[in-house]
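Some notes on the structure that comes next.
Laboratory data are not the source of any read-out in this text; all were calculated from the coordinates shown. Predicted model only: the values in this text are computed from it and were never measured. All Cβ positions, even for glycine, are placed from backbone atoms using ideal geometry, and neighbour counts span all protein chains on display.
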Amino acid sequence: MLKFAIRNLLSRSLRSFLCLMGLTIAIAGMVGLFSIAGGLEKTVSQTFGKITGIVAMQPGAPIPLFSRIPRSWGAEIGRIPGVSIVNAEIWSRVNIIEGKPVISPPRFLFGTELPTRLQLKNGIYREAIYAGRFLSLEDQGTLNTVISKQIAEQHKKQLGDSIEVNGQEMNIVGIYETGSILLDVAIILDIEVVRDITRFDPESVSCFYLEQSGDVENDELVKSIKEHFKGRELASWQPTSLALANASQSNLLKALINSIDQSLKGSPSSNSEAKNKTQVKNKSQTEVSAIKDPSQQIEKEVSALEVRSASDWGDRLETFTADLDIFLGLMTGIGVLIAILSIINTMLMSVIERIVDFGILKANGWSNRDVMLLITAESSLLGLAGGILGGQLGLVAIYIVNWKFANQVHLYASPGLLLFGVVFSTTLGIVGGLYPAWWTTRMTPIDAIRRG
Amino acid sequence: MIEVRNVEKIHQTGETEVHALQGVSCHFPGQTFSFILGPSGSGKSTLLYLMGALDNPSTGEIFVQNRSLSTLNRKERDTYRREKVGFVFQNFNLLKNLNALENVLAPYLPIGVSADQKKRAEELLKQVGLGKRITHRPSQLSGGEQQRVAIARALLKRPLLILADEPTGELDTQTGAEIFECLRDVSEQYKTTVVIVTHDERYIRDTDFILRLRDGRIAEENV
């Protein structure tokens, strides 16, 4: 039966080929699109798998780059039971490297407090040194830097070379490579040097990176830090503070950004411009404000620090990739719909042409079910071949994109996705063949033969 | 062997009813060569196909070996066609994607072809003179050869009944004679009842059963 089905497909080679191509491209598109989410998930798991500690930052800030918290809170955090090391960090975007504007992929100046950084049990960058050395205490106050291999290759720099970043000549003492496109973006310097270069507020840092003492679980530590900072007032991060600080409230763009920000954070944002600044008030002041303004009562119950472990980041991105999957599924749906119509068309034309053959087969004892099986075997073979070819084509496209844009994106098609592509395509083939197959059962054998 | 009782067949074409058979009753004796004769449109082929359970009569009944075909369910009708009846059509009706051997084995493709059946199919093709052409496709065979493949296909199932609709209609005289000779040989050898619809009366012998139809009714019946 299968051999017969294959021969039937081969006897209409051009039509079968065109149908196969339709399916192949649809499945390749599906694999390609879902590899975006797959790549994101893989990058996230690769990245956060390396981060064993906890990050404390400004509530609502999506990443440490946008966060501003009081520098003095570092010492307080360090006194909380279960915290062993607190490392202050400053993150700032790099605008110009070697006289060229940096747009994509983004690059960041990463200032780290060296004495505490060197005490970390798991220093991501320190352990990923590819050439040279990591920063030491002697590098404090100097322009000695450790850069990623990606940045070194992009600007053709080697160990010992100098690199001009935002107009500052820096000396490359080390090159690191973590393998994650989210981590291999930093130019690492002493925190005070980055503060000077970027004119960062002397009383603030971007975030604190903490390591627990070992006898406390991450989740417990997160809870106790949040509890400790409950009742303090620290303005939530507002996107408007970056781009639209001086714009009027009636500005439509500002209103739009505010609404996106609100939806991201899941809580209404205050209109107060004062909240756009890093502000710390003492408890008594907060209590006075709370009496005057009932909305402050709500804020009082919320911790002034957002504390995230690697699994929190992972969970957030998992939610995002799940949403992305829905969007990608909708886009894939268009291609799939075209592919299924192509199968139905191909199989229906093929069935109409062979209606006499089916009459002959029925005259020789083939049941309606046998004829339907033959037709769906043909369409499922098309589906299977389309799934296999589509998966391979998708993989080739992914390799090309990953190779061509190695620093910007990382697409990943898991074996599960490829297998799903094959199963899905075969199912499409079967479904696409069902209507033409059913169509043949409506005629008696003699009606079918007489059609010829 | 075959008992036809008051069979009527009405074809519906749009709002028009065509009475292909109008109360036909007759008996085809077993293990004989029978002919259904008559002009075009007399209902010959319709009667033949009803006997092969390819279609259902509008009224009346057909009994084969004392079993009414109208009592067979769909599965039993499929089995009847696969195991009891062999069809030979005017335009051969071979499957062009299959070679001669595979065409002979076609009835058994869904349920699986045994080694025995394959061996017997090869023997049958040799018997009808196609031993060296078993791997040829229909397009590589002459009309006579294609009809021999169709006969071999009909014989593989060792049928009770071979129903042939104008089997020489598309063949020249000599090839037509050879096909009839072939049919008579295998009928005699396998003790099969053969019913043939034809216009051509040259191949009829005195011992054959003849049924003449005209306008869907029996015009003449004799042995």
Handout entry: Projected label distance in nm at residue A:171 and residue B:202, using a 7 Å step from Cα toward the beta-carbon
Key = 11.2
Problem - Pair residue A:98, residue B:68: separation of 7 Å Cα→Cβ label points (nm) - result: 9.5
Handout entry: Set of aspartates and glutamates near residue A:223 by C-alpha distance (under 20 Å), chain-local residues within fewer than 8 positions excluded
Key = A:76, A:211, A:215, A:233, A:299, A:301, A:306, A:312, A:315
Handout entry: Rough spin-label spacing in nm, given labels placed 7 Å along Cα→Cβ, for residue B:184 and residue A:10
Key = 4.2
Problem - Cα-centred dipole magnitude for chain B, charges only on beta-carbon of K, R (+1) and D, E (-1), debye, nearest 20 - result: 900
Exercise for the section: Give, in nm to one decimal, the length gained when the segment between residue A:72 and residue A:216 is fully stretched (0.36 nm per residue of separation minus the Cα-Cα distance). Expected result: 49.5 nm
Problem - Estimated D of chain B in µm² per second, where Rh is the Kirkwood radius over Cα pairs and Stokes-Einstein applies at 10 °C, 1.306 mPa s - result: 89
Handout entry: Charge dipole of the protein assembly as shown about the Cα centre (unit charges at C-beta), most positive-ward option of A:398, A:364, A:331
Key = A:364
Problem - Förster-model FRET efficiency, 35 Å R0, residue A:399 and residue A:198, C-beta, rounded to 0.05 - result: 0.35
Practice task
Quick one: among B:64, B:88, B:195, which has the greatest mean-square fluctuation in a GNM of chain B with alpha-carbon springs under 10 angstrom?
Solution key: B:64
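Taking a ≥ b ≥ c as the square roots of the eigenvalues of the Cα gyration tensor of the protein assembly as shown, is the shape rounded (a/c under 1.5), prolate (a/b larger than b/c) or oblate?
Values: a/c = 4.53, a/b = 3.22, b/c = 1.41.
Here the protein assembly as shown falls in the prolate category.
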Fill in the blank from the handout: Between residue A:444 and residue B:177, Cβ-based FRET efficiency (R0 45 Å, step 0.05) works out to 0.85
Handout entry: Max mean-square fluctuation residue, GNM over chain B, Cα-Cα springs under 10 Å, options B:170, B:145, B:201
Key = B:201
Exercise for the section: In a Gaussian network model over chain B where Cα atoms closer than 10 Å are linked, find which of B:110, B:159, B:167 has the largest mean-square fluctuation. Expected result: B:110
Handout entry: Helical contribution to [θ] at 222 nm, DSSP H n ≥ 4, -39,500 (n - 2.57), averaged over chain B, rounded to 500
Key = -9500 deg cm²/dmol
Completion exercise
Using the Kirkwood formula on alpha carbons, the hydrodynamic radius of the range A:42-152 in angstrom works out to 16.0
Completion exercise
Of the residues B:197, B:87, B:110, the Cα lying farthest along the dipole of chain B towards its positive end, which is defined by charges on the beta carbon of Lys, Arg, Asp and Glu, belongs to B:110
Practice task
Give the calculated FRET efficiency between residue A:143 and residue A:392 to the nearest 0.05, with a Förster radius of 51 Å applied to their Cβ-Cβ distance.
Solution key: 0.55
Problem - Among the listed pairs A:42/A:230; B:44/B:132; B:9/B:126; A:121/A:156; B:75/B:119, those beyond 30 Å (Cα-Cα) - result: A:42/A:230; B:44/B:132; B:9/B:126; A:121/A:156
Practice task
Can you tell me the dipole magnitude for the range A:323-452 around its Cα centre, using point charges on the Cβ only (Lys, Arg +1; Asp, Glu -1), in Debye to the nearest 20?
Solution key: 300
Completion exercise
Here D for the range B:28-121, in µm²/s, from Stokes-Einstein with a Kirkwood Rh over Cα pairs at 4 °C and 1.567 mPa s, works out to 83
Fill in the blank from the handout: Rounded to whole angstrom, the alpha-carbon centroid of the range A:304-324 lies from that of the range A:126-174 at a distance of 31
Fill in the blank from the handout: If one compares the long axis through the Cα atoms of helix B:115-127 with the longest principal axis of the Cα atoms of chain B, the angle in degrees, nearest 10, works out at 80
Exercise for the section: State the percent of C-alpha pairs, over all pairs in the range B:8-75, separated by a distance greater than 16 angstrom. Expected result: 51
Practice task
Enumerate the residues in the range B:158-195 having an amide nitrogen under 18 Å from the point lying 7 Å beyond the Cα of residue B:142 toward its Cβ.
Solution key: B:167-183
Problem - Cα-centre dipole for the range B:21-143 with unit charges at Cβ (Lys and Arg positive, Asp and Glu negative), debye to 20 - result: 340
